[in-house]
1. What part of the accessible area of the range 1-68, given as a whole %, is carbon or sulfur when the probe is 1.4 angstrom?
2. Which percent of the accessible heavy-atom area of the range 99-244 goes to carbon and sulfur, probe 1.4 angstrom?
3. Charges on Cβ only, +1 for Lys and Arg, -1 for Asp and Glu, centred on the Cα centroid of the chain; of I185, L13, V216, which one is farthest towards the dipole's positive end?
4. With a 1.4 Å probe and every protein chain left in place, work out the accessible area per residue of the chain in Å², rounded to a whole number.
5. What is the calculated FRET efficiency for D148 to V79, with r their C-beta to C-beta distance and R₀ = 30 Å, to the nearest 0.05?
6. Rounded, prolate or oblate: which one fits the range 127-215, using the alpha carbon gyration tensor with axes a ≥ b ≥ c (rounded when a/c is under 1.5, else prolate when a/b beats b/c, else oblate)?
7. Relative to the compact-globule scaling 2.2 N^0.38 Å, provide the ratio for the alpha-carbon radius of gyration of the range 50-124.
8. For the range 44-63 and the range 135-151, write down the distance between their C-alpha centroids in whole Å.
Amino acid sequence: MLRTESRGGIALLTLDRADRGNALSHELVDALQGALDAAIGDAEIHTLALRASGRHFCTGFDLSDLDASSDGDLLLRFVRVEALLSTLWHAPIRTVAIAQGRTWGAGADIFAACEERLACDDASFRFPGPGFGLVLGTRRLAARAGVDLARRWTIEGVQVDARTAAQTGLATAVFAAGVDPLETISGRPAIRRDTAAALRSATRPDHRDADLAALVRSACEPGLRDRIAAYRDGVRSATGKISQLATERGSRDSRSDP
């Protein structure tokens, strides 16, 4: 689920649910929070790097148990994710996200919350929360890409490619598939935690309470589970239609071959 290791002052966390697109179950969120707290509490750690196994960094929330969840269950899960994002955003150590493939929903929020954001050239980013009425991570996205883009990307459900992410500030760098960006991180110097924390305070006003309040207000309207289910079913339907069109196109092309 989550692999952890330490490399000379770098705490490396690897999301390891490749068969589920590294989607965030509540167990994985709790494991991430625990590992992040441990890294921050270890005086020898100066950098936290987040990466993932498989094709995708993180496809968002794991909705496999959605039908058995109550609105309250879902609200708690979102609150736990907001706490994780806030910890990353205000961490007194260097934080690095290394993303490939689909980096969607809460996965994209995790990426945006890190100080350095390295995107593989096949990465794509989506922030679909407003599609089911949820406000999660929007302030941090706006700090990266600007208010206007953040509003459009979230409200319209725009899919952002790696090149656009780098051009707009969502990503700090793009790397080619097959390249290990950890090599560029390993040579970074250690940083003083007190200085890093002071710089965070000077450059990032503490909006944790306001962000949590915005999330809870958006999620507490009755019918949260039904809204998420409707969104999920709409995505499945659209994906099915795209697959069907691709199959039909392939069939027509094969019939036209000499």
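The values are calculated or read from the model by the stated rules, or taken from the named source; none is laboratory data. As the structure is a prediction and not an experimental result, all values here were calculated from the model. Because the Cβ atoms are built from the backbone with ideal geometry, glycine has one as well, and the counts that use them run over all protein chains shown. With ligands, DNA and RNA removed, areas are computed over all heavy atoms of the protein, side chains included. Shrake-Rupley method; radii C 1.70, N 1.55, O 1.52, S 1.80 Å.
1. Working: 1380 of 2980 Å².
Carbon and sulfur atoms account for 46 percent of the accessible area of the range 1-68.
2. Numbers: 4070 of 7520 Å².
The C+S portion of the solvent-accessible surface of the range 99-244 is 54 percent.
3. Toward the positive end, the furthest listed residue is I185.
4. 49 Å²
5. Computed FRET efficiency for D148 and V79: 0.60.
6. Numbers: a/c = 2.50, a/b = 1.18, b/c = 2.11.
Judged from the Cα gyration tensor, the range 127-215 comes out oblate (a/c at least 1.5, b/c at or above a/b).
7. Scaled against compact globular proteins, the figure is 1.18.
8. Result: 21 Å between the Cα centres.
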